[in-house]
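What follows is a short report on a single structure.
The values are calculated or read from the model by the stated rules, or taken from the named source; none is laboratory data. Keep in mind the model is a prediction, meaning the values are calculated, not measured. With ideal geometry, Cβ positions are generated from the backbone for all residues, glycine too; neighbour counts draw on all protein chains shown.
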Amino acid sequence: MFVVLLGLPGAGKGTQAARLKKDLGLAHVTTGDLFRQNIAAETELGRKAKPYYDAGELVPNDLTIGMLLERIHQPDCASGCMFDGYPRNMEQTVALDQALAAAGKQIDRVVYVEVAEDELVRRLSGRWLCPRCAAIYHDLSAPPAKAGVCDKCGSELTQRSDDKPDIVRNRLKVNIENMQSLLDHYAGQDKLTTVDGGRDPEAVAADLRKALEG
Ligand code: AP5
Ligand code: MG
Ligand code: ZN
């Protein structure tokens, strides 16, 4: 099964994908994490992506699509995966559809995790991330057992450089501008379910599982 998780910055895509990976065994394909890894490792791709990432802009399609296609050809995606943070515009959408079609596959389901803008800002300002295993925490809604330390691997937690208020505003603007065309595309294919993402993570996860199983 190939699933797209759509949602604005802070909607809980990463949080929910980590749960689904555990529950359903679906590989998690997240372009944001791939860019962060490349930027941290100072690869050529990371150096090219960094100015866009730092400004909260979309990384150009040629870089993003190339990275995504390489990722989905890895063995863990052979029978399915969950896309988090991809696609973000129509060119990316078409590239993914074509790549899957070439292998006799397709996107099976798309879930839009809908959250109000003021709640998104609250979530991003309290987020902490493990730089080693990418586990996601929040000061209030998902605190680690010991402040500042990853429950899973013991690394020191950090805040994302693009979670600063002015960058968050730009990320929201860029993603809001592009979201409707994605929703229209997948609704037109009768693949789209919208889930109320403004509730606690367990309630959102239950609706997501229902949408994927139904
Ligand atoms: P990316 O890393 O994908 O960032 P994003 O889309 O802005 O989304 P986030 O990761 O911020 O939010 P999320 O929905 O995963 O929320 P999370 O689960 O962490 O992309 C970063 C950058 O990379 C982009 O700006 C761009 O530059 C580049 N990029 C990536 N993909 C690209 C593409 N396809 N094309 C071009 N450029 C691309 O949750 C947020 C917080 O809320 C956490 O603290 C969490 O604990 C908490 N939380 C989660 N769920 C709940 C809940 N139900 N209730 C209360 N709190 C919750
Ligand atoms: Mg994320
Ligand atoms: Zn960790």
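In the range 120-148, the qualifying residues are those that are closer than 24 Å to Lys173 by Cβ and charged (D, E, K, R), and the one that is nearest to ligand 3 (Cβ to nearest atom) is Arg127. Inclusion of Ala187 among residues that are away from ligand 2 (no atom under 15 Å from the Cβ), assigned by TED's automatic domain parsing to the domain that holds Lys21, surrounded by 12 or more Cβ atoms within 10 Å (Cβ to Cβ) and over 19 Å from the mean Cα position of the chain (by Cα) is warranted. Looking only at residues in the range 1-13 that are closer than 22 Å to Gln106 by Cα and not aliphatic (A, V, I, L, M), the one that is nearest to ligand 2 (Cβ to nearest atom) is Lys13. The residues in the range 153-165 that are surrounded by 13 or more Cβ atoms within 10 Å (Cβ to Cβ), more than 16 Å from Ile39 (Cβ to Cβ) and within 21 Å of the chain's Cα centre (by Cα) can be counted, and the count is 1. Take Thr43 and decide whether it is in the same structural domain as Glu177 (by TED's automatic domain parsing), in contact with a helix residue (DSSP H, G or I) (Cβ under 8 Å, 6 or more places away or on another chain) and among the β-branched types (Val, Ile, Thr). When the stated conditions are applied, Thr43 does not pass them.
Being under 24 Å from Lys173 (Cβ atoms) and modelled with pLDDT of 95 or more is the requirement here; does Ile72 meet it? No: the conditions fail for Ile72. In the range 54-68, is there at least one residue being over 22 Å from Ala99 (Cβ atoms) and either surrounded by fewer than 13 Cβ atoms within 10 Å (Cβ to Cβ) or not charged (D, E, K, R) (or both)? Yes: the range 54-68 contains one or more residues that are over 22 Å from Ala99 (Cβ atoms) and either surrounded by fewer than 13 Cβ atoms within 10 Å (Cβ to Cβ) or not charged (D, E, K, R) (or both).
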